[in-house]
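Reading through the structure tokens given below for one structure.
Every read-out reported here was derived from the displayed coordinates using simple, explicitly stated rules and does not represent laboratory data. Keep in mind it's a predicted model, so treat the numbers as computed, not measured. Note: ideal-geometry Cβ built from the backbone for every residue, glycine included; neighbour counts use all protein chains shown.
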Amino acid sequence: MKNICEYPIVQAPMAGGVSTPKLAAAVSNSGGLGFLAAGYKSARELEQEITEMHSLTKKPFGVNLFVPTNEKIAVDAIDCYQKELSKAAEYLECQVGIPKNDDDEWNAKLDIIQKHRVPAVSFTFGCPDREIVASLKGIGSHVFVTITTPQEAEVALRAGADALCLQGIEAGGHRSTFLESSVDYPLMKLLKEVRSITKKPLIAAGGLMTGSDIKRVLQEGASAAQLGTAFICCPESGASALHKESILQKRFNETGVTRAFTGKRARGFVNAFFISYDKSAPSAYPHIHYMTKPIRAKATQMNNSEYASLWAGTGFTLAKELPAHLIVEELVQELNE
């Protein structure tokens with residue numbers, strides 16, 4: 001990792017507008033590795049952000065892509081959930097969104113990343129095939145694959161990934177799981193098991209907020225630490241005021257993992273929507289993401305934290321409202337103590 005960033009600090013790619021060029025550039029300029037999140041953006045928007053990044057930093061940075069999923073979706077389950085969501089929509093005076101499936105402009109985004117020779121490319125929700133990995137490595141990109149189990153690590157290693165991002169169950173936001181598993185690995189257990197099967201660089205993610213947290217994972221064999229929640233409340237972050245306030249004011253006591261908001265398991269604050277819909281939400285991504293999108297948007301507009309999707313990792317109580325470069329400086333100082 002030393003050939004791509006000075007310090008073993010990676011800013012997690014956070015889709016939905018949180019990861020901005022200003023945030024990623026601030027982290028990269030401070031010696032870490034900043035990431036853009038391509039998920040939910042159009043290919044055109046992604047290209048605009050990459051162009052902006054080049055104007056903000058000469059340091060390496062990364063882009064994260066959602067790998068298209070081919071899960072079998074139970075149409076009846078979606079129909080039932082759509083009816084249930086009508087209660088929340090009625091309460092907020094909005095409509096339930098129309099469920100649909102798409103590939104998040106996968107091919108167009110890959111073309112843009114190759115066109116701009118993005119220094120680091122990470123993948124979530126799956127592992128690209130060997131040809132794609134080889135093509136990216138051929139233009140000089142470092143390829144990271146996000147995994148949640150040792151079995152997924154083996155798939156990524158066979159595909160030729162340069163490094164693995166290990167996402168423990170403590171991490172905020174979407175679980176990157178792409179192979180069925182009955183085990184939710186805590187980060188340290190996942191790090192220990194994956195370290196035993198490869199010498200490739202490992203980037204540890206999940207509940208990490210401080211320099212001492214980073215030091216701990218480095219001592220256990222990680223090459224770097226990836227932090228997301230630690231950067232949500234930075235002024236450079238694109239998170240909504242509602243999201244930032246919910247974290248800083250500690251409006252909620254706990255986080256949990258649910259499919260309720262998007263049809264894919266994700267960790268966020270346990271609010272009224274989480275509690276009401278957690279048990280009935282089917283596994284149907286991105287269909288449910290589109291169904292709840294108007295509900296989540298209206299809740300954010302109304303400053304209603306009980307119906308918004310407010311992603312956060314288990315270490316959220318340690319989040320600070322500081323510029324990104326000061327967060328990195330503080331982490332480095334703590335790491336060196």
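Between the range 70-147 and the range 168-246, the alpha-carbon centres lie 20 Å apart. Mean projected area of the convex hull spanned by the Cα atoms of the range 79-208, taken over all viewing directions: 10.5 nm².
Look at the dipole of the range 102-224 built from charges on Cβ: of 138, 219, 112, the Cα furthest out on the positive end belongs to 219.
Calculate, for residue 86 and residue 302, the FRET efficiency according to 1/(1 + (r/R0)^6) with r their C-beta to C-beta distance and R0 22 Å; round to the nearest 0.05. Between residue 86 and residue 302 the formula returns 0.80. The ranking of 300, 262 by Cβ neighbour count inside 10 Å, starting from the fewest, reads 300, 262.
Normalising the average separation of contacting C-alpha pairs (under 8 angstrom, six or more residues apart) by the number of residues puts the relative contact order of the range 1-128 at 27 percent.
A simple charge model with +1 on the Cβ of Lys and Arg, -1 on the Cβ of Asp and Glu and nothing else charged puts the dipole of the range 38-183 at about 580 debye relative to its Cα centre. Shown here is the pair-distance distribution of the range 1-142: with all Cα-Cα distances grouped in 10 Å bins from zero up to the longest one, the shares run 11, 35, 28, 16, 10, 0 percent. Other residues within the sphere of radius under 9 Å centred on the Cβ of residue 46, judged by their own Cβ, net out at -1 (K and R +1, D and E -1).
Can you tell me what share of the DSSP beta bridges in the chain is antiparallel? A percent to the nearest 5 is fine. Within the chain, antiparallel bridges account for around 20 percent of the total. Going 7 Å from the Cα of residue 54 in the Cα-to-Cβ direction, what parts of the range 114-133 have a backbone nitrogen less than 18 Å from that spot? Only 114-121 fall inside the zone, counting backbone N under 18 Å. Evaluated on the range 204-266, the Kirkwood hydrodynamic radius is 13.7 Å, with distances taken between all distinct Cα atoms. Here is how the number arises for the chain: DSSP H runs of 4 or more residues each give -39500 (n - 2.57), the sum is divided by the residue count, and the result at 222 nm is -12000 deg cm²/dmol. Quick one: grab the alpha carbon gyration tensor of the range 239-337, order the square roots of its eigenvalues as a ≥ b ≥ c, and give me rounded if a/c is under 1.5, else prolate or oblate depending on whether a/b is larger than b/c. Prolate, because a/c is 1.5 or more and a/b exceeds b/c. Can you list residues from other chains, or at least 5 along the same chain, whose modelled amide H is less than 5 Å from the amide H of residue 174? For residue 174, whose amide H was placed from the backbone, the distant partners under 5 Å are 267. Label point of residue 321 set 7 angstrom out along Cα-Cβ; within the range 245-271, amide nitrogens under 18 Å from it belong to 245-252. All Cα-Cα distances of the range 87-145, cut into 5 Å bins from zero to the largest, leave 4, 15, 22, 18, 7, 6, 7, 8, 8, 4, 1 percent in each bin in turn. Mean silhouette area of the range 158-284, derived from the convex hull of its C-alpha atoms and averaged over all directions, reads 9.3 nm². Placing a label point 7 Å from the Cα of residue 107 along the Cα-to-Cβ line, the residues of the range 26-66 whose backbone N sits under 18 Å from it are 42-44, 66.
Just so you know, the averaged projected area of the alpha carbon convex hull for the range 157-200 sits at 3.6 nm².
Averaging the sequence gap over all C-alpha pairs within less than 8 Å and six or more residues apart, then dividing by the number of residues, gives the chain a relative contact order of 20 percent. As a rough guide to protection, the peptides 233-243, 5-15, 303-313 ranked by mean Cβ packing within 10 Å, highest first, stand as 5-15, 303-313, 233-243.
The stretch between residue 131 and residue 249 holds 37.8 nm of extra length on full extension. This uses 0.36 nm per residue minus the Cα-Cα distance.
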